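Novice: Dropping a structure here in structure tokens format, bear with me for questions.
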Amino acid sequence: MATLTDISLVAQVAVLGNKRAFDELVRRYQSPVRRFFLHQTLGDSQLSDDLAQDTFIKAYTSIGSFRGIASFQTWLMRIAYNVFYDYCRKMRNEKLEIRNDDYSRGGKDVGTTNHNSSFLISHSSLKMDLYAALALLKPDERTCITLQLIDGYDIAAIARITGMKAGTVKSHLSRGKEKMANYLRQNGYDGR
């Protein structure tokens with residue numbers, strides 16, 4: 001039996017409501033989606049799983065809008081990118097509300113805590129250094145870096161996923177690589 005293509009699986013889901021076909025798409029792409037979120041959240045596996053689940057729910061509910069212009073994986077990663085962007089915006093708003101509430105009560109700024117610190121401490125020093133280097137990057141730089149260097153997407157695919165222009169992607173990649181290289185050099189990695 002021949003393996004079904006992504007397009008035929010999408011058609012089965014969109015036209016026939018075939019949940020097994022969607023299960024196959026999830027099986028094929030859950031690892032890349034989860035890996036994308038792991039790098040964006042600096043190793044928070046529980047949050048990564050939650051965001052991946054949200055991504056697949058959004059993909060399922062909007063699969064009829066898939067037009068096949070890009071690959072299914074690129075379309076899915078665009079959804080993942082948007083899920084993460086929405087999550088970051090929500091967290092920024094919640095932090096702002098917490099700070100405003102604290103100030104209105106006459107308190108001090110509560111700041112933010114790094115809920116990933118226990119994860120970083122419990123893993124190898126190389127992984128710690130890589131996540132620490134990724135943490136130095138702006139979110140768009142981190143997204144472009146992980147999509148290219150870890151997931152293997154080319155600049156055109158990253159542009160489609162993020163909605164950025166190719167030149168912007170290249171700028172984020174250049175700045176991100178430079179920041180990471182400087183951090184890693186300062187922490188004993190000489191590039192040999």
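Novice: Between residue 30 and residue 74, what is 0.36 nm times their sequence separation minus the Cα-Cα distance? Round to one decimal in nm. Write out the running numbers ahead of the final one.
Specialist: Values: separation 44, 0.36 × 44 = 15.84 nm, distance 1.32 nm.
Stretched out fully, the residue 30 to residue 74 stretch lengthens by 14.5 nm.
Novice: Once phi is turned into ³J(HN,Hα) by the Karplus curve 6.51 cos²θ - 1.76 cosθ + 1.60 with θ = phi - 60°, what whole-Hz value does each residue of segment 160-176 show in order, with x for glycine and proline?
Specialist: For segment 160-176, the Karplus-derived couplings read 5, 5, 8, x, 8, 6, 4, x, 5, 4, 4, 5, 4, 5, 4, 5, x Hz, x marking Gly and Pro.
Novice: List, in order, the whole-Hz ³J(HN,Hα) value for each residue of segment 84-93 obtained from phi through the Karplus relation with A = 6.51, B = -1.76, C = 1.60 and θ = phi - 60°; use x for Gly and Pro.
Specialist: Once rounded to whole Hz, the list reads 5, 4, 4, 4, 4, 4, 4, 5, 4, 5.
Novice: For residue 89 and residue 67, calculate 0.36 nm times their separation in residues minus their Cα-Cα distance, and state this gained length in nm to one decimal. Don't skip to the end; give the middle numbers.
Specialist: Values: separation 22, 0.36 × 22 = 7.92 nm, distance 2.78 nm.
Stretched out fully, the residue 89 to residue 67 stretch lengthens by 5.1 nm.
Novice: Quick one: order 174, 48 by neighbouring beta-carbon count within 10 Å, fewest to most.
Specialist: 174, 48
Novice: Say each of residue 150 and residue 181 gets a label point 7 Å from the Cα, pointing the same way as Cα to Cβ; how far apart are those two points in nm?
Specialist: Placing both labels 7 Å beyond Cα along the Cβ direction yields 2.0 nm.
Novice: Let me ask something else. Run the numbers for residue 166 and residue 136: contour at 0.36 nm per residue of separation, minus the present Cα-Cα distance, in nm. Present the calculation step by step, with values, prior to reporting the outcome.
Specialist: Details: separation 30, 0.36 × 30 = 10.80 nm, distance 2.24 nm.
Extending this stretch completely gives an extra 8.6 nm.
Novice: Follow-up. Please rank 137, 16, fewest neighbouring Cβ atoms within 10 Å first, as an exposure proxy. Can you show the working numbers first?
Specialist: On the way: 137 20, 16 9.
In increasing order of surrounding Cβ atoms, one gets 16, 137.
Novice: Between residue 50 and residue 15, what FRET efficiency comes out of the Förster formula 1/(1 + (r/R0)^6) with R0 = 25 Å and r the beta carbon distance, rounded to 0.05?
Specialist: Working: r = 30 Å, r/R0 = 1.19.
Result of the calculation: an efficiency of 0.25.
Every read-out reported here was derived from the displayed coordinates using simple, explicitly stated rules and does not represent laboratory data. Computed from a predicted model, the values in this text were never measured in an experiment. Because the Cβ atoms are built from the backbone with ideal geometry, glycine has one as well, and the counts that use them run over all protein chains shown.
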